[in-house]
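What follows is calculated from the coordinates using simple rules that are stated; it is not laboratory data. If you're wondering where the values come from, they're calculated on a predicted model, not measured in any experiment. Don't worry about glycine lacking a Cβ; one is built from the backbone with ideal geometry, like all the others, and counts go over all protein chains shown.
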Amino acid sequence: MESIRTLTDPPRPFSPHPATDHVVFILTPNEKRLFFAAEPKIRRPGVRASSLDAAGLSPRAWENALRDLRPSVLVTAWSCPPLPESWALAEDCPLRYVCSVTGSVKDRVPREMLVNGLLVSNWGVLVSPTVAEHALLMVLSLLRSAPSWPELLQRPRHAVEMMEVLRSRTLRGKRVGLHGFGAVARALVEMLRPFDVELAAYSHGVPRALMDEFGVRPCRDLAELFSHSEILIECEGLNDRTRGTVTESLLRRLPRDAVFVNVGRAAVVDETALVTLARERHLRIGLDVFHREPLPGDTPLRELPNVLLSPHVAGPVGETYPLCGAQALENLERYLNGEAPENQVTLEIYDRAT
């Protein structure tokens with residue numbers, strides 16, 4: 001019987017370049033078309049390559065395939081099933097490297113595997129600029145009251161009356177707060193500079209020196225950040241510390257008619273409180289993430305005139321997907337050459353992801 005490793009066991013020795021590798025691509029046909037211009041192939045002596053269709057793969061079939069194929073490398077995307085712990089944490093598990101074409105691997109790779117020395121990489125910061133662009137799009141749209149445009153197009157009004165309805169505002173010179181200071185927030189800093197905004201940020205554990213380096217005023221806590229901001233962009237990672245931290249009382253610290261945009265993680269924010277404050281017209285709200293996805297048809301969020309909803313599309317855009325595929329293949333090549341892949345997923349990154 002195979003023995004299962006625990007966190008108290010010493011890490012098993014990790015060799016970044018085994019003498020013989022078996023690389024298994026576990027992707028759906030749609031993912032292959034999305035990320036790769038042609039069928040990914042490996043032509044290298046001593047390295048086997050296999051491909052497994054992830055579509056509709058049952059847990060039993062997946063575990064049986066892993067035991068039969070014995071991959072040392074997995075190239076994965078969103079559809080890859082979770083690695084079964086009975087296989088992944090066994091002493092004789094051959095897996096050395098998970099090369100994720102996409103972002104978080106938390107739903108696929110048990111944390112203990114990283115503790116035991118598994119090498120994991122993902123798309124890193126490739127999508128951060130597009131997420132930041134989407135956040136900026138939502139901020140500008142809400143300041144110009146884009147959710148009200150369809151109604152005004154159906155019933156034209158005099159310009160003065162229209163302005164009274166829209167309450168249009170400018171981004172220039174506003175006080176903007178960033179909850180989170182990862183790659184998305186840092187990309188936002190550069191995009192916001194031309195608007196002459198006053199930037200502040202808070203993220204637990206991020207050194208003040210890093211915010212100073214970007215010309216952003218560090219806040220001592222979330223209460224200070226929300227009290228300071230006319231526009232608040234939520235881009236914090238999700239973990240036990242951040243889950244549910246943006247409460248109704250915090251949101252009420254934002255001034256009336258402020259803008260709140262979430263392109264980060266839905267579970268950081270009290271969604272019921274957002275509905276309450278939107279109904280009171282206390283906030284203009286833009287959301288790309290939701291507690292339930294896809295967003296239910298009967299959610300009150302769909303009925304509110306000052307709420308802008310997007311279907312979790314802030315991440316990659318058409319031009320980004322091939323870049324993610326190319327980067328994954330470059331990382332795979334680096335690994336096979338005995339070099340360290342880029343954009344490695346550390347335990348800290350793993351714990352902050354969802």
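Of note:
- Considering only beta bridges that DSSP places wholly inside the chain, some 5 percent are antiparallel.
- Protection proxy ranking, peptides 104-116, 297-309, average beta carbon neighbours within 10 Å, highest first: 104-116, 297-309
- C-alpha center-to-center spacing [the range 138-191, the range 103-124] in angstrom: 38
- This ranking places Asp21, Asp240 by how few other beta-carbon atoms lie within 10 Å of each, fewest first, which gives Asp240, Asp21.
- Mean Cβ count within 10 Å, highest first, over the residues of peptides 242-248, 97-103: 97-103, 242-248
- Order by protection proxy (mean Cβ within 10 Å, highest first), peptides 282-291, 169-178: 282-291, 169-178
- Dipole check for the chain: with +1 at the C-beta of Lys and Arg, -1 at the C-beta of Asp and Glu, and the Cα centre as origin, the magnitude is about 520 Debye.
- For the range 61-160: relative contact order, % (alpha-carbon pairs under 8 angstrom, 6 or more apart): 22
- For the chain, built as a Gaussian network whose Cα springs stay under 10 Å, the top-fluctuating residue of Glu133, Glu91, Glu151: Glu151
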